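The values are calculated or read from the model by the stated rules, or taken from the named source; none is laboratory data. What you see is a predicted model; the values in this text were computed from it and never measured. Reconstructed Cβ throughout: ideal geometry from the backbone, glycine too, with neighbour counts over all protein chains shown.
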Amino acid sequence: MRASHDGDYELARGLSIRSRRRLSGFAAGEQRSPATGGGIEFADYREYMPGDDVRLLDWSVYLGARKLLVKLCAEEKERSLVTIVDISRSMDYGSPPKLELAKRIASVLSCVALLGGDRAGVAAMGPALVEPIRPERKKLTMAAVARAVHALESVPRSAPEACLRQFAASYGGKCVAVLVSDLMYPEWPRVLDALAASGCDAHVLQVLAPEELEPTERGEVTLVDMEDGSEAPVHVDAELLGRYGEALGGFLSKVGSECSRRGIGRCLIRSDARLERVFREELVKEGLVC
């Protein structure tokens, strides 16, 4: 993780990914969960963290590579998590930017999955779906996840519906899918359709900036469209803010109802929210982690 977010790594400890439905996994016999004890098949390694059972350390690896790795074993029911980060230009908006929090959420969610012995993947939703991290069974460190996620940058053009259709074709029914986005595009209902059609255990974490939720601008203001750069001068007064509030409330209510109708979990998050509260309270309440 970046130095300014060192606490994010520790936040992942003690949490687990929840799934509301049975998932098919990536191949027959591969849907498993971590367990220890005699007679259970060895699955993989993860980095040692203070507090782990030292009896699970692989000392042969330490003697050879000077790395402290904990052995993971597996039985049936392993989960896979894929976090889909919206990298459209509108995610750059806000103080702090929405994309910054989205990347931190994706990084910590991946760490939660890996520490629990599950698979973790990260995808980015731009002009096409790109996957800096695929949920494959391999040695994946928390540091590698953080580097890949925080390297993501916004793009001037995006095709969210096409990206989610691509995701559904690749991951149908195979994972817990978490879309982190502001949903600030006209085709957002079709994006939800595509996410629901994937058959995954799907969640939407809708991230909005405080300036979007509670605008403070007054007087003559030039609005700039983050996606196409177009400008519109407006006079911001109490009447306009009232209409904006009504429109925003209607939009958020519609998103909530449309997610519910499709069986998609949904959580509204401010970009200035403390990450600990997001995970320990909001995502626990949503049922994504426990």
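Among residues of the range 92-101 being assigned to a helix (DSSP H, G or I) and not charged (D, E, K, R), the one that is farthest from Phe167 (Cα to Cα) is Leu101.
When Leu241, Leu288 are checked against the criterion of being more than 30 Å from Glu10 (Cα to Cα) and at pLDDT below 95, Leu241 stands alone in meeting it. Every condition in (1) among the aliphatic types (A, V, I, L, M); (2) closer than 20 Å to Gly287 by Cα; (3) surrounded by fewer than 14 Cβ atoms within 10 Å (Cβ to Cβ) holds for Ile269 except the one numbered (3). Residues in the range 84-91: is at least one without any contact (Cβ under 8 Å) to a residue 60 or more places away in the chain and in a helix (DSSP H, G or I)? Taking every residue of the range 84-91 in turn, none turns out to be without any contact (Cβ under 8 Å) to a residue 60 or more places away in the chain and in a helix (DSSP H, G or I). Out of Arg243, Arg270, Arg277, one residue alone is charged (D, E, K, R) and in contact (Cβ under 8 Å) with a residue 24 or more places away in the chain. It is Arg270. Residue selection: Val176 satisfies the criterion of being crowded, with 22+ Cβ neighbours inside 10 Å and either touching a residue at least 24 places away in the same chain (Cβ under 8 Å) or acidic (Asp, Glu) (or both). Taken together, Glu217, Glu227, Glu212 contain a single residue that is assigned to a helix (DSSP H, G or I), more than 19 Å from the chain's Cα centre (by Cα), modelled with pLDDT under 95 and of a type outside the set (Gly, Ala, Ser), which is Glu212.
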